[in-house]
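Peer 1: Structure below; questions to follow.
The values are calculated or read from the model by the stated rules, or taken from the named source; none is laboratory data. Model, not experiment: these values are computed from the prediction. For neighbour counting, all protein chains shown are included, and Cβ atoms are generated from backbone atoms with ideal geometry for every residue, glycine included. Heads up: the accessible areas ignore ligands, DNA and RNA and are worked out on the full protein's heavy atoms, side chains in. Shrake-Rupley method; radii C 1.70, N 1.55, O 1.52, S 1.80 Å.
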Amino acid sequence: LLDFALTTKPIDKMTLKLGYQYRDNDNRTPIANFRYANRDDPALNAVNSSRDRYNAPVSTTEQRVLAEADYQIADRTTLRAGLERSHKTYTLSDRNMTNTDKLSLEVRRPVSDEFLGSLGYVFTRRTGSEFDFNRFFRETHVAGYLAGTSAITIPSLRQYMYNDYDENRLRASGNWTVSETVTV
């Protein structure tokens, strides 16, 4: 993991943050063969069964860049804008890579001396490489089993954690300072 951020104040009413993160999750789980039963198949007991499968430890590498700015648009009112881009690659999954882009806007203002409120909007979009529905299946079976089998495409088994999506989120928050030692 490498996480780097630079914060600066280029002009009087603005604070700027630039960041970069590199995360390499190298899954070193040992890969082994496992025999599985297909109903009451007598071939299961064979020494060289083609019904062996491998476990499939998934590794990921992610690079993320971030730019975020706070700007005082009025007395005690701050506008925050942010852009973020994440590029993630996968091993042994239905996709080779995904890109996630995020745009955020938020207005923060104290309503009173004790209460700070904010209202924000976040748009997120993820896209990626084409799905290879059979990759996980192919790479977890021994070659002898796959000989003569046709492609298997079962949409209900799609790994949705890698899917494309658009997300629109509206958020509101508030901090109430009850006393010098308590904030809700």
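Peer 1: Looking at 179, 104 in this structure, which one is modelled with pLDDT of 90 or more and either surrounded by 12 or more Cβ atoms within 10 Å (Cβ to Cβ) or within 30 Å of residue 76 (Cβ to Cβ) (or both)?
Peer 2: On inspection, the qualifying residue turns out to be 104.
Peer 1: Would you mind finding the one in 125, 138 that is open to solvent by 80 Å² or more (accessible area, probe 1.4 Å) and at pLDDT 90 or above?
Peer 2: None of the other options fit; the residue is 125.
Peer 1: Identify all residues within segment 1-55 that are at pLDDT below 75, open to solvent by 70 Å² or more (accessible area, probe 1.4 Å) and not in a strand (DSSP E or B); write none if there are none.
Peer 2: Within segment 1-55, 39, 40, 42, 45, 47, 48 qualify.
Peer 1: Of all residues being outside any loop (DSSP other than H, G, I, E, B) and aliphatic (A, V, I, L, M) in segment 87-106, which is farthest from residue 164 (Cα to Cα)? Just the residue, please.
Peer 2: The selected residue is 105.
Peer 1: From the list 119, 79, which one is touching a residue at least 24 places away in the same chain (Cβ under 8 Å) and open to solvent by 80 Å² or more (accessible area, probe 1.4 Å)?
Peer 2: Among 119, 79, only 119 is touching a residue at least 24 places away in the same chain (Cβ under 8 Å) and open to solvent by 80 Å² or more (accessible area, probe 1.4 Å).
Peer 1: Residues that are in contact with a Leu (Cβ under 9 Å, 6 or more places away or on another chain), open to solvent by 40 Å² or more (accessible area, probe 1.4 Å) and either at pLDDT 85 or above or of a type in the set (Val, Ile, Thr) (or both): does segment 92-100 have at least one?
Peer 2: Checked segment 92-100: no residue is in contact with a Leu (Cβ under 9 Å, 6 or more places away or on another chain), open to solvent by 40 Å² or more (accessible area, probe 1.4 Å) and either at pLDDT 85 or above or of a type in the set (Val, Ile, Thr) (or both).
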